[in-house]
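The values are calculated or read from the model by the stated rules, or taken from the named source; none is laboratory data. Predicted model, so just to flag it, every value in this text is computed and none were measured. Heads up, the Cβs are rebuilt from the backbone with ideal geometry, glycines too, and the neighbour counts pull from every protein chain shown. Calculation scope for accessible area: heavy atoms of the full protein, side chains included, ligands and nucleic acids excluded. Shrake-Rupley method; radii C 1.70, N 1.55, O 1.52, S 1.80 Å.
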Number of protein chains: 2
Amino acid sequence: MKFCSECGQQVTHKVPELDDRKRYVCDSCGVIHYQNPKVIVGSLPVWQDQVLLCRRAIEPRYGYWTLPAGFMENGETTLEGAIRETQEEAGALLKDGTLYRLFDIPMINQVYLFYLAELQTPGMDPGIESLEVRMFDEADIPWDELAFPVMNDVLKEFFDDRRKNQYPVRTGLPSFRLKPAAS
Amino acid sequence: MKFCSECGQQVTHKVPELDDRKRYVCDSCGVIHYQNPKVIVGSLPVWQDQVLLCRRAIEPRYGYWTLPAGFMENGETTLEGAIRETQEEAGALLKDGTLYRLFDIPMINQVYLFYLAELQTPGMDPGIESLEVRMFDEADIPWDELAFPVMNDVLKEFFDDRRKNQYPVRTGLPSFRLKPAAS
């Protein structure tokens, strides 16, 4: 951030009065521009014994497989966001959904929320963000071609939980460490 | 948003190519300024049979009682944020904590995450954001003087769950409807 989005003047990076960390502050109009983590909403779509994955048609990780997920938008709930992303990336409709996994990724200022959900029908249709959409049995999951470490984690947890038929909500960091975000 | 935070030129509110909703776009440098929901992290701090509440020394809802909660910061996990807010607003230290409640508040573009946590000690010390910090038995909770509807909801759910000694993670809207956010 270089300029104030309210008045267009240059901003300063400094600790505001009564605060304890640096913010972008406009010395001209006084506005403090807070920057906060973003929420990624996604789904783990299930049909009978299979799980839906999309092959990415966009960077980063073009050509790799992913669960449907993307930035949460203003004006929607987390579940509505997960349903929307599933529709956009896979052309697939979810039946409701229950919160299943929260990943904290402080290194890149993100919180991932995955909903576990049954598909309404096995129908699907890749959107412009996907090269391909397919249902996978556990034995066929392309573990080495998954786009992001959180996908490996949540899929492994899901198949473990399915064997126990218990799906507790899990939280915490992904098992793979990412590089710190540029500050 | 009126000006581009990258180059300082005026922004336009329009639907970018391949998108389906209006964004603030800089026609000068091409940057699209996405706006996304913010995460509020909080705790439900417990000591023996009592729950900690803070009386707000800041607007909105000056003088009303609240659980410790505030905007999640970049570079922290959701639990670290909940612990930080509890320390800042109540001077109280939490023992770990487990995710207990997610509130979607799409009308104001917020996601609340509450962690249920025991206090390390019954010690507390109001920070500059609190007039007073106190432990409450269920019978003494000031239900009509709570700062926000989510506080009524999560406290009611907690006392109900405590009677059953089961604390499932709950999700969804608060029971009180808020006015829509200004767009």
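Please verify whether B:Val51 is within 10 Å of chain A (Cβ to nearest Cβ), within 20 Å of B:Val154 (Cβ to Cβ), modelled with pLDDT of 95 or more and buried (at least 20 other Cβ atoms within 10 Å of the Cβ), treating the condition exactly as stated.
Working: within 10 Å of chain A (Cβ to nearest Cβ): no; within 20 Å of B:Val154 (Cβ to Cβ): yes; modelled with pLDDT of 95 or more: yes; buried (at least 20 other Cβ atoms within 10 Å of the Cβ): yes.
So B:Val51 does not fit the description; no.
Restrict the check to the stretch B:84-93 and report whether at least one residue is under 14 Å from the mean Cα position of the chain (by Cα), outside any strand (DSSP E or B) and more than 14 Å from chain A (Cβ to nearest Cβ).
yes
Inside the stretch B:126-169, can you point out the residues that are touching a residue at least 24 places away in the same chain (Cβ under 8 Å) and assigned to a loop (DSSP other than H, G, I, E, B)?
B:Pro126, B:Gly127, B:Ile128, B:Glu129, B:Asp137, B:Ile141, B:Pro142, B:Ala147, B:Phe148, B:Tyr167, B:Val169
Across the stretch A:1-38, which residue is surrounded by the fewest Cβ atoms within 10 Å (Cβ to Cβ) among those that are of a type in the set (A, V, I, L, M, F, W, C) and facing chain B (nearest Cβ under 8 Å)?
Narrowing the stretch A:1-38 to residues of a type in the set (A, V, I, L, M, F, W, C): A:1, A:3-4, A:7, A:11, A:15, A:18, A:25-26, A:29, A:31-32.
Filter once more, keeping what is facing chain B (nearest Cβ under 8 Å): A:1, A:3-4, A:7, A:11, A:18.
On the way: A:Met1: 12, A:Phe3: 20, A:Cys4: 24, A:Cys7: 15, A:Val11: 22, A:Leu18: 7.
The selected residue is A:Leu18.
What is the one condition in (1) out of contact with any strand residue (DSSP E or B) (no Cβ under 6 Å at 6 or more places or on another chain); (2) of a type outside the set (Val, Ile, Thr); (3) more than 8 Å from every other protein chain (Cβ to nearest Cβ); (4) under 30 Å from A:Leu67 (Cα atoms) that A:Gly42 does not satisfy?
Going through (1) out of contact with any strand residue (DSSP E or B) (no Cβ under 6 Å at 6 or more places or on another chain); (2) of a type outside the set (Val, Ile, Thr); (3) more than 8 Å from every other protein chain (Cβ to nearest Cβ); (4) under 30 Å from A:Leu67 (Cα atoms) one by one, A:Gly42 breaks only (1).
Based on what the data block shows, is A:Gln110 closer than 21 Å to B:Asp19 by Cβ and open to solvent by 20 Å² or more (accessible area, probe 1.4 Å)? Working first, answer last.
On the way: closer than 21 Å to B:Asp19 by Cβ: yes; open to solvent by 20 Å² or more (accessible area, probe 1.4 Å): yes.
For A:Gln110, the condition - closer than 21 Å to B:Asp19 by Cβ and open to solvent by 20 Å² or more (accessible area, probe 1.4 Å) - is met.
Among the residues of the stretch A:94-121, write down those that are facing chain B (nearest Cβ under 8 Å) and at positive phi.
A:Asn109
What are the residues in the stretch B:141-175 that are surrounded by fewer than 18 Cβ atoms within 10 Å (Cβ to Cβ) and of a type in the set (A, V, I, L, M), if any?
B:Leu173
Given the criteria open to solvent by 20 Å² or more (accessible area, probe 1.4 Å), touching a Leu at 6+ places or on another chain (Cβ under 8 Å) and modelled with pLDDT of 95 or more, does B:Met135 qualify? Break it down into steps so the answer makes sense when it comes.
On the way: open to solvent by 20 Å² or more (accessible area, probe 1.4 Å): yes; touching a Leu at 6+ places or on another chain (Cβ under 8 Å): yes; modelled with pLDDT of 95 or more: yes.
It is true that B:Met135 is open to solvent by 20 Å² or more (accessible area, probe 1.4 Å), touching a Leu at 6+ places or on another chain (Cβ under 8 Å) and modelled with pLDDT of 95 or more.
Taking the stretch B:33-49 only, how many residues are over 24 Å from B:Thr78 (Cβ atoms) and not in a loop (DSSP other than H, G, I, E, B)? Spell out how you get there, then give the answer.
Keep residues of the stretch B:33-49 that are over 24 Å from B:Thr78 (Cβ atoms), which gives B:33, B:48-49.
Adding the requirement that they be not in a loop (DSSP other than H, G, I, E, B) leaves B:33.
The qualifying residues number 1.
Among the residues of the stretch B:88-107, what is the count of those that are open to solvent by 30 Å² or more (accessible area, probe 1.4 Å) and in contact (Cβ under 8 Å) with a residue 40 or more places away in the chain?
Step one: of the stretch B:88-107, the residues open to solvent by 30 Å² or more (accessible area, probe 1.4 Å) are B:88, B:93, B:95-96, B:98.
Now drop any that are not in contact (Cβ under 8 Å) with a residue 40 or more places away in the chain, which leaves B:88, B:98.
Summing the residues that are open to solvent by 30 Å² or more (accessible area, probe 1.4 Å) and in contact (Cβ under 8 Å) with a residue 40 or more places away in the chain in the stretch B:88-107 gives 2.
Regarding the stretch A:20-40, can at least one residue be identified that is in contact with a Leu (Cβ under 9 Å, 6 or more places away or on another chain) and modelled with pLDDT of 95 or more?
Checked against the condition, which is being in contact with a Leu (Cβ under 9 Å, 6 or more places away or on another chain) and modelled with pLDDT of 95 or more, the stretch A:20-40 yields at least one hit.
Just the residues that are open to solvent by 10 Å² or more (accessible area, probe 1.4 Å), assigned to a loop (DSSP other than H, G, I, E, B), facing chain A (nearest Cβ under 10 Å) and not hydroxyl-bearing (Ser, Thr, Tyr), please, taken from the stretch B:59-83.
The answer is B:Glu73, B:Asn74, B:Gly75, B:Glu76.
Are any residues in the stretch A:140-156 of a type in the set (Val, Ile, Thr) and closer than 17 Å to A:Ala117 by Cα, and if so, which ones?
Step one: list which residues in the stretch A:140-156 are of a type in the set (Val, Ile, Thr), which gives A:141, A:150, A:154.
Hit for the stretch A:140-156 is A:Val154, nothing else.
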